[in-house]
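J.: Submitted below is the structure of interest, expressed as structure tokens.
The values are calculated or read from the model by the stated rules, or taken from the named source; none is laboratory data. Values in this document were obtained by computation on a predicted structure and should not be read as measured data. No Cβ is skipped: glycine too gets one built from the backbone with ideal geometry, and neighbour counts run over all protein chains shown. Accessible surface areas use protein heavy atoms only, side chains included; no ligands, DNA or RNA. Shrake-Rupley method; radii C 1.70, N 1.55, O 1.52, S 1.80 Å.
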Amino acid sequence: MGDDILPSAPRIWEHCEALARCSERADALTRVFLSKEQRAASDLVLGWMREAGMTAKLDEIGNCVGRYEGDRPGLPCLVLGSHLDTVRDAGKYDGMLGVVAAIECVHALNTKGKRLPFAIEVLGFADEEGVRFGCTLLGSRAVAGTFDPTLLEKVDHEGVSMQQALTDFGLDPAQIARAAHQRDDVLAYAELHIEQGPVLEAEGLSVGVVTAINGANRFLIEIDGMAGHAGTVPMNLRQDALAAAAECVLAIERRCASVPELVGTVGKLETLPGATNVIPGKVFFTIDIRSPRDAERLAAAADVEQAMQAICARRKVALKIDPTHEGRTAACAPWLREQIGQAIAAERLPVRELSSGAGHDGMALVDLTDIGMLFVRCKGGVSHNPAEAITLEDADTGARVFLRFIENFRPGDARA
Ligand code: HGY
Ligand code: MN
Ligand code: MN
């Protein structure tokens, strides 16, 4: 069989559609860690992995793991992958495209009967978005050997602990460490992902090479004031938790708008008890702060904390800050950037390098091995939104470039 066998873009498309049907709600794609929708998605993915010639299993944290041996069994592997969980009311491609495209590349290799001088593992991570337990990158951290077992006590919004959810899913929380890969068994990690930003589209490019993934801090904030009667308590005697939170939100916006490429978001806010005629007594909200430069991100996080302390002290409400995530900026390895760039150039396309404002599993995998990423253009740069869209042509180009990168991958460069 010849080298003209390429990844099938229509099959990539169909598989993204099939995964999008594994959703909590029919009208809004939502699939969280250890849910029955995740079970359905994993069953599909494991089946596609086997059809592509891989052995496939769920690991100890629920990641899908497919393995395609090299020209002899047991060789170190090139790890490919992305995540299978989604945000709430998500698009169909964030994460999923990278998993199905990687499987499709192996499918093409297997159809050609081609084995490489290294193994390939395709990982479909069970949790990257962190929606269910408020802590992120759980699947990739388990693989990198950096999963923090104290997180097992975290509870979801129904009070179910991660420990319990793993058990209910049929997994043994005591065995998570076994999902970790050994450094010597892994040559590199490469991920295909939609850009989730507007740069490639603005420049008329279908793909790009990622230079680095911006670091991030996330916090869960609790403000405790005093609930009271909306009709009787004079304005100057109130301890309104929501009014304090509102000031905090604006302080975050102001601080993060003051530095180029620094971003800060309050994406979730809950007011208790939550009634028209009750002064809010308690508010929970989240903060997400990111920058390509770690020092600027850390300075902003410290300033935001100080500003919130001052606001809450002045308003006589109590402030609790729970840091839920910290990830430093993860650089993509120059040797992988170069090899991904060579694959793009070989398709007679311009090589555009860009950084990633979104977080990715590579932020965890970088503790295990060198990382590289290929971005695929998405419509209007829209993501974390059901309007997320790509074209069949771009799926085709991305998968072709990715297969070329895999086939020409030179692991020797890793140790050079
Ligand atoms: O939030 C992020 O950047 C990623 O999509 N999880
Ligand atoms: Mn995402
Ligand atoms: Mn993603």
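J.: From 267, 208, which residue is within 23 Å of residue 384 (Cβ to Cβ) and within 16 Å of ligand 2 (Cβ to nearest atom)?
T.: After ruling out the rest, the residue left standing is 267.
J.: Then there's this: Working carefully through the options 108, 90, 102, find the one that is among the aliphatic types (A, V, I, L, M) and within 14 Å of ligand 2 (Cβ to nearest atom).
T.: 90
J.: Still on this model: Determine which single condition residue 336 fails, assuming it passes every other condition in (1) closer than 23 Å to residue 85 by Cα; (2) touching a Gly at 6+ places or on another chain (Cβ under 8 Å); (3) crowded, with 16+ Cβ neighbours inside 10 Å.
T.: (1)
J.: Residue by residue through region 261-300, note down the ones that are outside any loop (DSSP other than H, G, I, E, B), more than 16 Å from ligand 1 (Cβ to nearest atom) and among the aliphatic types (A, V, I, L, M).
T.: The answer is 269, 272, 278, 279, 283, 295, 298, 299, 300.
J.: Considering only region 369-387, how many residues are of a type in the set (D, E, K, R) and under 14 Å from residue 82 (Cβ atoms)?
T.: Residues meeting the conditions: 0.
J.: Still on this structure, I have one more. Need pairs with beta-carbon distance below 6 Å; first residue among the basic types (Lys, Arg) and within region 135-149, second more than 16 Å from ligand 1 (Cβ to nearest atom); sequence gap 6+ or separate chains.
T.: What qualifies is 141/147.
J.: Next up: Would you pick out the residues in region 365-376 that are open to solvent by 50 Å² or more (accessible area, probe 1.4 Å) and over 17 Å from the mean Cα position of the chain (by Cα)?
T.: 370
J.: From 393, 353, 407, 388, which residue is touching a strand residue (DSSP E or B) at 6+ places or on another chain (Cβ under 9 Å), modelled with pLDDT of 95 or more and open to solvent by 40 Å² or more (accessible area, probe 1.4 Å)?
T.: Just one listed residue meets the conditions, 353.
J.: Moving on to the next point. Just wondering, is there one or more residues in region 124-137 that are among the polar types (S, T, N, Q), farther than 23 Å from residue 339 by Cβ and over 14 Å from the mean Cα position of the chain (by Cα)?
T.: no
J.: For residues that are in a loop (DSSP other than H, G, I, E, B) and either of a type in the set (Gly, Ala, Ser) or touching an Asp or Glu at 6+ places or on another chain (Cβ under 6 Å) (or both), tally how many sit in region 334-359.
T.: 3
J.: Hey, any hits in region 207-219 for a residue that's open to solvent by 40 Å² or more (accessible area, probe 1.4 Å), in the same structural domain as residue 343 (by TED's automatic domain parsing), closer than 30 Å to residue 335 by Cβ and touching a strand residue (DSSP E or B) at 6+ places or on another chain (Cβ under 6 Å)?
T.: There is no residue in region 207-219 that is open to solvent by 40 Å² or more (accessible area, probe 1.4 Å), in the same structural domain as residue 343 (by TED's automatic domain parsing), closer than 30 Å to residue 335 by Cβ and touching a strand residue (DSSP E or B) at 6+ places or on another chain (Cβ under 6 Å).
J.: If I filter region 388-401 down to residues being farther than 17 Å from residue 83 by Cβ and touching a Lys or Arg at 6+ places or on another chain (Cβ under 7 Å), which single residue comes out as farthest from ligand 1 (Cβ to nearest atom)?
T.: 394
J.: May I pose another question? Counting only residues that are part of a helix (DSSP H, G or I) and touching a strand residue (DSSP E or B) at 6+ places or on another chain (Cβ under 7 Å), which one in region 230-247 is most open to solvent (accessible area, probe 1.4 Å)?
T.: The extreme case among them is 242.
J.: So which residues in region 117-136 are more than 16 Å from ligand 3 (Cβ to nearest atom) and open to solvent by 10 Å² or more (accessible area, probe 1.4 Å)?
T.: Residues satisfying the conditions are 117, 121, 133, 134.
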